[in-house]
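Derivation of every value follows stated rules applied to the coordinates shown; laboratory data play no part. Every value quoted in this text rests on a predicted model; they were computed, and no experiment measured them. When we count neighbours, we look across all protein chains shown, and the Cβ atoms used for this are built from the backbone with ideal geometry, even at glycine.
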Amino acid sequence: MVLPNKKGYVILTNVCRLLLALVLIVSGFVKSVDPIGSMYKMKEYAEAFSMGGMSDDWLMFFAVSQAVLEFVLGVFILMGIYRKFTTVATPVLMAFFTLLTIFIYAGDNIEDCGCFGEAVTMSNGQTLTKNVVLLLLSLPLFLGRNLICYYISARCRWMVTIFSLFYIGAVQIISFNHLPVIDFGDYTVGSDLRGLTQGTPDKYKVLYIYGRGNERCELPEGELPDTTWTCISSKAELVEKGTEPTVKDFLVYDWEYDYDATEEILSDSGHVCLVLIERVESASMSRVDKINDLYDHCVENDIPFYVTTASGAEEIELWRKRTGAEYPIHFTDEHALKRMIRANPGMLVLKDGVIVGKWDVSDLPAVESFVEAPTKLPAMDSVWVDSVRGWRFWMLMLILPLLAIVVIDYLMAKRAMRKATPGESQEVSGQQKTNEEKENNININNNL
């Protein structure tokens, strides 16, 4: 069954196609900018389906593959190419996701589906509704596959394929080896951890109830009409509802002295260096010397320096022997460390409780760049990584090449038409010559 070639069906098919393409491209991209976070979410799904024994390498493979599939499929649908594949693969993929979310919704053992990474948080009910809508949108795409408008001809679709794979691969490789090129988490550069960890209290307005005989009135303090009125009682009226803390698990605890250093870190008005090591037993050893040098520099210049991990005492002691670390090591919950930074180790620099710097260990700035000056911040070693952060850069890197391919395809088609024109002209002129010869022969015969 296919939809007839009528204007209404053409519009319906292509509107559904563009909506699906947009959702798939965004979904694949936001997963790709945080492959480690996608792997963590994949681990939650594995545990929910009693497959918690899968290794992180396999989970990373599945997370990366899913992001690539969604993104590339979205680009193909957008450009209108490989229609036999996309119009079948899309409803199959949507049906699979819908079935998966039905089980998740019934079991209620995963809080957020992770469909859009950390960019958008959705409940299980919202996720199920979203997938049902996308499944319905994919049906006109399948039934109206012959009505899809395409922007690229078959001769240039290989360019779109190679570009899509290269683009999403570059996003994932840079984000995996450094930090996410776009950080959607709570611990982004510029985040005020004081506000995120404290929230805001409810705001109330106190009203005083005054009486005079049988009369009653409610007025704020200091607005008593005259001395004939007497204050009977007061009540608090909610003016603005407060907010819960966005970050509830930020904790830096000193084991040695049984001391919570969290408030000390957040209240410091100067620069504070906070090195985060999720697990010392699996941490990268590539830049441990720089961490040691940085610690010595901070001690010499009275800059607070904290190292925190979720590892146990034995693992920490082994880390000290392997690295020669002299700095004290504190404790932070592993889940909180995973949310704070996608690196092991990584580092945050705070100023007045605000995150002003965030690095993977491979990009730690040189010690000399850490100066106690509010107007100068250290720059990472890999400066080019800084230049490719932000959604504007990656949006341009997606749109401009695709437009360039469309233009190239148009020019190639136009050139092919020009090449075909002279041949057609020769056929026409040859036919005209034959007709003229026939006319000449007729005239000669008549003359005879």
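Scanning the chain for trypsin sites (Lys or Arg not before Pro) in DSSP loops with at most 11 neighbouring Cβ atoms within 10 Å leaves 7-240 as the longest stretch between them.
For the pair region 169-223 and region 1-39, the centres of their Cα atoms are 36 angstrom apart.
Its relative contact order, with pairs defined as Cα atoms under 8 Å and 6+ residues apart, puts region 201-240 at 55 percent. Using only side-chain charges placed at the Cβ, +1 for Lys and Arg and -1 for Asp and Glu, the dipole size of region 201-240 relative to its Cα centre rounds to 120 debye. Averaging the sequence gap over all C-alpha pairs within less than 8 Å and six or more residues apart, then dividing by the number of residues, gives the chain a relative contact order of 14 percent. Helices meeting the span-like rule in the chain (full DSSP H runs, Cα extent of at least 24 Å along the helix axis, mean Kyte-Doolittle score of -1.0 or higher): 7-32, 56-79, 83-107, 124-143, 157-177, 391-447.
Just the number: Rg to Rh for region 253-387, Cα atoms, Kirkwood Rh, two decimals.
0.93
Placing unit charges on the Cβ atoms only, positive for Lys and Arg and negative for Asp and Glu, gives the chain a dipole magnitude near 3640 debye about its Cα centre.
Put simply, the convex hull of the Cα atoms in the chain casts, on average, a shadow of 42.7 nm².
Between His335 and Glu314, the C-beta separation translates, for a Förster distance of 22 Å, into a calculated FRET efficiency of about 0.55. For region 50-132, the relative contact order works out to 21 percent when only alpha carbon pairs closer than 8 Å and six or more residues apart are counted.
Counting other Cβ atoms within 10 Å as a rough exposure proxy, the listed residues Glu317, Glu244 run Glu244, Glu317 from fewest neighbours to most.
Applying both filters, DSSP loop and at most 11 other Cβ atoms within 10 Å, to the chymotrypsin sites (Phe, Trp or Tyr not before Pro) of region 65-97 eliminates every site. When region 7-177 is described by a simple charge dipole with +1 on each Lys and Arg Cβ and -1 on each Asp and Glu Cβ, the residue from Ala170, Met159, Val10 located farthest towards its positive end is Val10. Residue order for Asp57, Asp333, Asp289, fewest other beta carbons within 10 angstrom first, comes to Asp57, Asp289, Asp333. With the helix formula -39500 (n - 2.57) applied to DSSP H stretches of n ≥ 4, the chain reaches a computed 222 nm mean residue ellipticity of -18000 deg cm²/dmol. Treating r as the C-beta distance of Glu240 and Asp352 and R0 as 22 Å, the FRET efficiency rounds to 0.30. A crude spin-label estimate for the pair Gln198 and Met51, with each label 7 Å from Cα along the Cβ direction, gives 4.6 nm. Values of log10 I(q)/I(0) for region 201-240 across q = 0.16, 0.28 Å⁻¹ run -0.41, -0.91, by the Debye formula with one identical scatterer at each alpha carbon and no solvent.
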